[in-house]
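The structure appears right after this line, and notes come after that.
The values are calculated or read from the model by the stated rules, or taken from the named source; none is laboratory data. Small disclaimer: the values here were computed from a predicted structure and weren't measured. Ideal geometry is used to build each Cβ from the backbone, glycine not excepted, and the neighbour counts take in all protein chains shown. SASA here: full protein model, heavy atoms, side chains in, ligands and nucleic acids out. Shrake-Rupley method; radii C 1.70, N 1.55, O 1.52, S 1.80 Å.
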Amino acid sequence: MHIRTGGPGSAQDLLALLDGAVAWLAARGRTGQWGTVPWSQRPESVARAERSCREGLVRIAEPAGGGAPLGICVMSGQAPAYAGPADRPELYVHWLVTDRAHSGSGVGAALVADARRQARERGLGLLRVDCYAGGDGRLVEQYERLGFTRTTAFTVDRPDGPWPGQVLEQRVPARG
């Protein structure tokens, strides 16, 4: 696998990976995170993905020989309001989604390691992310296995009910 920089045109790949994740979660009765409707069929979600890929740093994991993306990480220097302010300049992971067909193959870990490198190269000492904290909490635990520490819990009020979230962080050592 290799990781390359994407851009505005990466929104369709992001949406395809999100659609796959929704289908995988829904097939297991885990609809609390993203529901059952594919992201690509929700105009507000399509706009959000397009904006994120246009404004953020997009990193795409692909098979070494080419092919469909294995995962995407979209980051920026601006955290969402619900995450609260950071105590230092940061790189914030807005999206980290992998192809469920490659679950357990290290794609997410490689994208997190790449995000750490991106932060370090920019002289940023903090990498933060947020995720769904409902259900059985396995997603939060996965981020902890990837080196993140829990900081702030939050709830987003949505029309279909409250969405519990967790902000996590990891300190990024300076170059040297």
Original post:
Which log10 I(q)/I(0) values, to two decimals, does the chain give at q = 0.18 Å⁻¹ under the Debye formula with one point per Cα?
Top reply: -1.32
**OP:** Let me have the relative contact order for the chain, percent, based on Cα pairs under 8 Å that are six or more residues apart.
**Re:** 19 percent
Original post:
Which is farthest toward the positive dipole end of segment 30-163 among Gln118, Trp95, Gln41, measuring Cα position about the Cα centre, with Cβ charges +1 (Lys, Arg) and -1 (Asp, Glu)?
Top reply: Gln118
**OP:** Divide by every residue of the chain the summed helix terms, -39500 (n - 2.57) for each DSSP H run of at least 4, and state the resulting mean residue ellipticity at 222 nm, rounded to the nearest 500 deg cm²/dmol.
**Re:** -9500 deg cm²/dmol
Subject >> Simple spin-label estimate for Ala47 and Asp87 in nanometres, 7 Å along Cα-Cβ >> reply: 3.8 nm
**OP:** In nm, give the distance between the simple-model label positions of Trp24 and Glu121, each being 7 Å from the Cα along the Cα-to-Cβ direction.
**Re:** 2.6 nm
Original post:
Taking 0.36 nm per intervening residue step and subtracting the Cα-Cα distance, what contour gain separates Arg54 from Arg145 on full extension?
Top reply: 29.8 nm
Original post:
With the other protein chains left in place, how much accessible area per residue, in square angstrom, belongs to segment 112-176 at a 1.4 angstrom probe?
Top reply: 54 Å²
Subject >> segment 120-151 versus segment 2-68: alpha-carbon centroid distance in Å >> reply: 19 Å
